[in-house]
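Heads up, the thing below is written out as structure tokens.
The values are calculated or read from the model by the stated rules, or taken from the named source; none is laboratory data. Only a predicted model underlies this, so the values are computations on that prediction, with no experimental measurement involved. Ligands, DNA and RNA are excluded from the accessible area calculation, which covers all protein heavy atoms including side chains. Shrake-Rupley method; radii C 1.70, N 1.55, O 1.52, S 1.80 Å.
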Amino acid sequence: MQSEISPRDVCPHSAGRVQRFTAPQLPPALSTEVTDLESEAVEFLSRHHAENPGLSPALPDRVAAVRAEIAATGTYTQTFEELRFGARVAWRNASRCIGRLYWNNLQVRDLRQVRSAEEIHQELCEHLRLATNGGRIRPMISIFAPDTPGSPGPRVWNDQLVRYAGHRSPDGAVIGDPAHLDFTDMVRAMGWQPSGGPYDLLPLVIQASGRRPEFFEVPRDVVLEVPLTHPEYQWFADLGLRWYAVPAIANMRLRIGGLDYPLAPFNGWYMGTEIGARNLVDVDRYNLLPDVAQQLGLDTGSESTLWRDRALVEINIAVLHSFQSAGVKISDHHTESRQFLMHVAKEESRGRIVPADWSWIVPPISGGITPVFHRYYDEAELSPGFHPGEQVSRQGHGQCPVSPGRPAAD
Ligand code: ARG
């Protein structure tokens, strides 16, 4: 039901028209890019000033300076204020995210000067430490260097900073997270040696500007994990399930005012259903419904006993209960749905639309008993925004080693 982003039908060519005279002798690609960059920059700066009256320098001065910088260098440097505002608005515009009420509290780390893979690794670990904050999770983004003419920014090939490996055993069964089988194979080919368990932390594959990718372990002490228990069923703990505290998307490109930041990992906190109704439950993930149903003694012989639904609810109860008992911030889908509609009302009262994708906003369980189900949303794509990162390949650049599926932010 949740759809992939479809490639847009963009055709810049006016089909079949005969040219009468030659256009001015500017390299066409360059001139279009500069114009796009300039117009996106101006649009962004105007929004920044419109939403934050009294900024200095005044808009016309800032626009003139940015135009001059683009003319001289083909790019421009955003101020920290611009970067922070841009990242926050990118979150505000994220049409698949139900948790946008706190968009203006996003903590923004400016890491545009950090270059080497080693330093990038340090900063990614620091992001996890700061964002985890002992369980009182802080929504946070770390922004590394943008792509500039002749110099790509750094990249991370992982879809999140924390992920569990997937291992194929000889009998065809999978140990760990099947979503990361291919990624795991790729890092093994790079020399990584996992222990082969169900919750091995994948290393980070970091590609500094113009360099080959290298892998780095994520130290266990920067990854807070929660063992899953159930408030009523003692046996639940014996399943040995766990999940990590901080969902930090690492492979989306942040676009602000015409600039692309290919490495800008960001996190919020989990909504329970992401873990309890998808990661642990999808048949191509940990696929736990049959085991849990069996433990519950449910009749799995017929769909109409709704054994799947009953097991599903118990897993979700366990997820929320475990995170809360461990003092790790998490929210439930009822609360999160109500807050999202508060966000929509608040934004509309400020004259802004809230782009939203119904199929991502409606929770994967109990949709119809959450208020977000019973209405439609604006579908605009606004800028600044987060976009699927480009896919990178085993062969080198350009093709994704990770199973394609949906972009990461589900
Ligand atoms: N759904 C993804 C996961 O289960 C995380 C996406 C971002 N979620 C969030 N609450 N910020 O890992």
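Please report the carbon-and-sulfur percent of the accessible area for the chain; probe 1.4 Å, protein heavy atoms only, DNA, RNA and ligands left out.
The C+S portion of the solvent-accessible surface of the chain is 52 percent.
If each Cα of the chain is one equal point scatterer, what is log10 of I(q)/I(0) from the Debye formula at q = 0.07, 0.08 Å⁻¹?
Reported log10 I(q)/I(0), two decimals: -0.37, -0.49.
Scan the chain and note any complete DSSP helix (H) whose C-alpha atoms cover at least 15 Å along its axis and whose Kyte-Doolittle average is 0.0 or more.
The answer, listed by residue number, is 59-73, 307-325.
Cα atoms only: what Rg and Dmax, in Å, come out for the range 105-174?
16.0, 49
Taking the full set of protein chains and a 1.4 angstrom probe, give the accessible area of Arg112 in square angstrom, rounded to the nearest 10.
Solvent-accessible area, nearest 10 Å²: 30 Å².
Largest first, how would Cys125, Cys97 line up by accessible area (1.4 Å probe)?
Sorted descending by solvent-accessible area, the residues read Cys97, Cys125.
List the relative contact order of the range 152-246 as a percent without decimals, with contacts defined as Cα pairs under 8 Å and 6+ residues apart.
26
Taking H as built 1.01 Å from N, whose amide H comes closer than 5 Å to the amide H of Thr148, not counting residues under 5 places away?
Long-range HN contacts for Thr148: Gly153.
For the chain, what is the mean residue ellipticity at 222 nm derived from helices alone (per DSSP H run of n ≥ 4: -39500 (n - 2.57); sum divided by total residues; nearest 500 deg cm²/dmol)?
-10000 deg cm²/dmol
For a quick check, take a GNM of the chain with Cα springs below 10 Å and name the residue from Gly257, Gly389, Gly134 with the largest mean-square fluctuation.
Highest fluctuation of the listed residues: Gly134.
State, as an integer percentage, the relative contact order of the range 332-375 based on alpha-carbon contacts under 8 Å between residues 6 or more apart.
After rounding, I find 47 percent.
How do Asp159, Asp284 stack up against each other in accessible area, from largest to smallest, with a 1.4 angstrom probe?
Output order, biggest surface exposure first: Asp284, Asp159.
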